[in-house]
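The values are calculated or read from the model by the stated rules, or taken from the named source; none is laboratory data. Since the model is a prediction, treat every value here as computed from it, not as a measurement. Note: ideal-geometry Cβ built from the backbone for every residue, glycine included; neighbour counts use all protein chains shown.
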Amino acid sequence: MTEQAFLTTVVGSMPKPTWLQEKLPLNTDNKQVHGKGADWRLSDEDLEAAQDDAVRLTLHDQGRAGIDIVSDGEQRRKSYVTYVTGRLEGFDYQTTAKKWTRNRRRLAEVGRCTGPVERRAPIVDDDLRFILAETERPTKITLPGPMTVVDSTADEHYGDEREFALAVAAALNAEARELDALGAAVIQFDEPVFSRYPEKVADWGIEVLDRCLEGVDQAKTAVHICYSYPMPGVPRPIVDSYPVILAQLEKSKIDQLSLEFEASKLDPELLRLCPSKTVMFGCIDNGTDAVEAPEQIAEKLLAAAQHLPPEQIQAAPDCGLVPLSMDVARAKLRALVAGAELARQRLGR
């Protein structure tokens, strides 16, 4: 990846084709619980082949739009959390529990931690190999962050959030080191709950995040922080947490921060709190079908560049685009690329 102003990227998830998975609202009862999700339309070998094709399709869409750093769109995942944790020892998703999550934003049905968390085998290594064989663009691969795993799970083993999170981090670190060796350009840890628990970020969140990064020395490391997906009927309060967590993240070993600025309407001056980091600056809203104008995106990026060098700013959505239709997501990606190009032109870059 070159040191270019306003590189474009995605956060991770992209919409799934209707021939791959049924389309449901994110808050549908008894479906969008951790570990379940919408049903696949195929099974066994047919499902595997369809997921391969869905990855090819989303890579094509991102490449055609002109996205610089791509992902597989998480086409193989029902849940960004349980796709990974369900392959670790110590988690039970057969017998679930009710738990308030995201600082009491939602009472969710969650899996349980019933024993020591351990990684016995690779989890997304084959997924990354497939992406690397299908594209020559720099590739991002995502993993759930430890604090978000803890918040999304009923702990019946550790009895201490920090201890639980450190065990998850050790397992994720083993996975991340292998992804690094395979050639991932970016390894991203998704931590939306950072925005909901700033006091925990300061107490142990940075320590645990840094544990995930040990021995990762080729890929760039990133953490994604947002205010969670917008869900009809579910409050989405934008609390004043970024000033705390950005100051803490500046102390972290993480290379890149994926931050929400569009839907939240946060002030880009906050970027002054993390001067050493590359920031994936959220300027695409995943909660509306309205497509942002390139002019608007360029203005947002140039406003951000008042506080951080443009080479440290990447143009990105606020969060994953999975809630949107494929056509809307494609249009938003095209607008993102056009806006970044317009911003570069205005800088003379």
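For the reader, a short list of remarks on this structure follows.
- Flag if residue 170 is touching a Lys or Arg at 6+ places or on another chain (Cβ under 7 Å), surrounded by fewer than 18 Cβ atoms within 10 Å (Cβ to Cβ) and not polar (S, T, N, Q): yes
- Residue ID - modelled with the lowest pLDDT, chosen from residues in the range 94-122 that are in contact with a His (Cβ under 8 Å, 6 or more places away or on another chain) and not β-branched (Val, Ile, Thr): 108
- Within the range 303-312, being in a helix (DSSP H, G or I) and either under 16 Å from residue 65 (Cβ atoms) or in contact (Cβ under 8 Å) with a residue 60 or more places away in the chain (or both) holds for 310, 311.
- Residue 316 vs. criteria touching a Cys at 6+ places or on another chain (Cβ under 8 Å) and modelled with pLDDT of 95 or more: yes
- Of the residues examined, residue 139 is one that is buried (at least 19 other Cβ atoms within 10 Å of the Cβ), polar (S, T, N, Q) and within 22 Å of residue 185 (Cβ to Cβ).
- Members of the range 106-136 found to be of a type in the set (Asp, Glu) and either outside any strand (DSSP E or B) or buried (at least 21 other Cβ atoms within 10 Å of the Cβ) (or both), listed by number: 125, 126, 127, 134, 136
One line per residue, one yes/no per condition, for (1) buried (at least 19 other Cβ atoms within 10 Å of the Cβ); (2) touching a strand residue (DSSP E or B) at 6+ places or on another chain (Cβ under 9 Å); (3) assigned to a loop (DSSP other than H, G, I, E, B):
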{"residue": "244", "(1), (2), (3)": "no, no, no"}
{"residue": "285", "(1), (2), (3)": "yes, no, yes"}
{"residue": "292", "(1), (2), (3)": "yes, no, yes"}
{"residue": "296", "(1), (2), (3)": "no, no, no"}
{"residue": "301", "(1), (2), (3)": "yes, yes, no"}
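- Filter result for residue 33 (β-branched (Val, Ile, Thr) and either within 28 Å of residue 138 (Cα to Cα) or at pLDDT 95 or above (or both)): no
- Number of the exception - residue 160 against (1) under 23 Å from residue 74 (Cβ atoms); (2) over 19 Å from the mean Cα position of the chain (by Cα): (1)
- Test for residue 254: is it buried (at least 17 other Cβ atoms within 10 Å of the Cβ), farther than 21 Å from residue 209 by Cα and hydrophobic (A, V, I, L, M, F, W, C): no
- When restricted to residues that are crowded, with 20+ Cβ neighbours inside 10 Å and not charged (D, E, K, R), the range 70-100 contains 14.
- Scanning the range 180-232 for residues that are among the acidic types (Asp, Glu) and in contact with a strand residue (DSSP E or B) (Cβ under 6 Å, 6 or more places away or on another chain) returns 190, 191.
- Of all residues in the range 82-126, those being at positive phi and under 22 Å from the mean Cα position of the chain (by Cα) number 3.
- The range 150-165, residues that are crowded, with 24+ Cβ neighbours inside 10 Å and either under 14 Å from residue 92 (Cβ atoms) or at pLDDT below 95 (or both): 153
- Residues in the range 36-51 that are part of a helix (DSSP H, G or I) and in contact with a helix residue (DSSP H, G or I) (Cβ under 7 Å, 6 or more places away or on another chain): 0 in all.
- A single member of 329, 340, 315 is in a strand (DSSP E or B), surrounded by 20 or more Cβ atoms within 10 Å (Cβ to Cβ) and not acidic (Asp, Glu), and it is 315.
- Figure legend. Inter-residue proximity from the range 37-52: first residues more than 17 Å from residue 79 (Cα to Cα), second residues surrounded by 12 or more Cβ atoms within 10 Å (Cβ to Cβ) and of a type in the set (Lys, Arg), beta-carbon distance below 8 Å, spacing 6+ or different chains. Indicated pairs: 50/41.
- Condition check for residue 87: without any contact (Cβ under 8 Å) to a residue 40 or more places away in the chain, under 23 Å from residue 205 (Cβ atoms), part of a loop (DSSP other than H, G, I, E, B) and not aliphatic (A, V, I, L, M): no
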